[in-house]
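> There's a structure below that I have some questions on.
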Amino acid sequence: MRIDTVELKDFDEIYNLERKSFKKDAFSKDLIFNLIMKNTFFFKLNDGELSNKIVGFIIIIQDRDDRVNLINLLIRKRNQNKRCGTYLLDYTIRKVKEMHNIKAIVLNVNSKNKAAIKLYQKFNFRIVQKIENYYRQKIGAYLMVLNI
């Protein structure tokens, strides 16, 4: 497995992964394009094989001077429960900590996504608020914070 910065050449693969995983809640093509062009951190996890397929990705944007927002973490279904999310999140948190002005990472997670919540809690993110009807299907989300 190898982590690299997402580039424009990855656009189609990233967008297709996003649509397949998040369906109606997927980011639009325009948004993904803009995030690739001017992100804080947009990392991909490659399988390390000759095919160099993208196993997953993470997107972090800086939404305040002292805070970043983890707006997306996606691991292909067949690669879940193989520590890929742990590997990618650990790498990203270390990169964020190199930004000395950043004091916190925030994120919203589907309140029914127990695996994702468990992953974030493993890294000491804590739930600070429940947001009702956050997603289009009227599913709630948790606002989670990691103080750095």
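Read the figures in this text as sums done on the coordinates, not as results from a lab. These numbers were taken from a predicted model, which means no experiment stands behind them. As a convention, Cβ positions derive from the backbone with ideal geometry for all residues, glycine included, and neighbour counts pool all protein chains shown.
> In bins 5 Å wide, starting from 0, what share of all Cα pairs of the stretch 37-82 does each bin hold, as a percent?
5, 20, 24, 19, 15, 10, 6, 2
> Residue by residue, what Karplus-based ³J(HN,Hα) values in Hz, rounded to whole numbers, does the stretch 116-126 have, using 6.51, -1.76 and 1.60 with θ = phi - 60° and x for Gly and Pro?
Once rounded to whole Hz, the list reads 5, 4, 4, 4, 5, 5, 4, 9, 6, 5, 10.
> Quick check on the exposure proxy: order Asp12, Asp30 from fewest to most C-beta atoms within 10 angstrom.
Asp30, Asp12
> Next question, about the same structure. Between Asn72 and residues 5 or more places away or on another chain, which pairs have amide H atoms under 5 Å apart, with H built 1.01 Å from N, and which residues are they?
Ile59
> Compute the distance from the alpha-carbon center of the stretch 54-102 to that of the stretch 1-52, in whole Å.
Distance between centres, Cα-based: 12 Å.
> Oh, and also: For Val55, enumerate residues with amide H under 5 Å from its amide H, sequence gap 5+ or separate chain, H modeled in the peptide plane.
Leu45, Asn46, Asp47
> Can I ask one more? Which trypsin sites (Lys or Arg not before Pro) in the stretch 61-143 sit in a loop by DSSP (not H, G, I, E or B) and have at most 15 other Cβ atoms within 10 Å of their own Cβ?
Lys82, Arg83, Lys103, Lys112, Arg136, Lys138
> Another one. As a test of understanding, state the convex hull volume per residue of the chain from its alpha carbons, in Å³. Could you put the intermediate results ahead of the total?
Details: hull volume 16.3 nm³, N = 148.
Roughly 110 Å³ of hull volume per residue.
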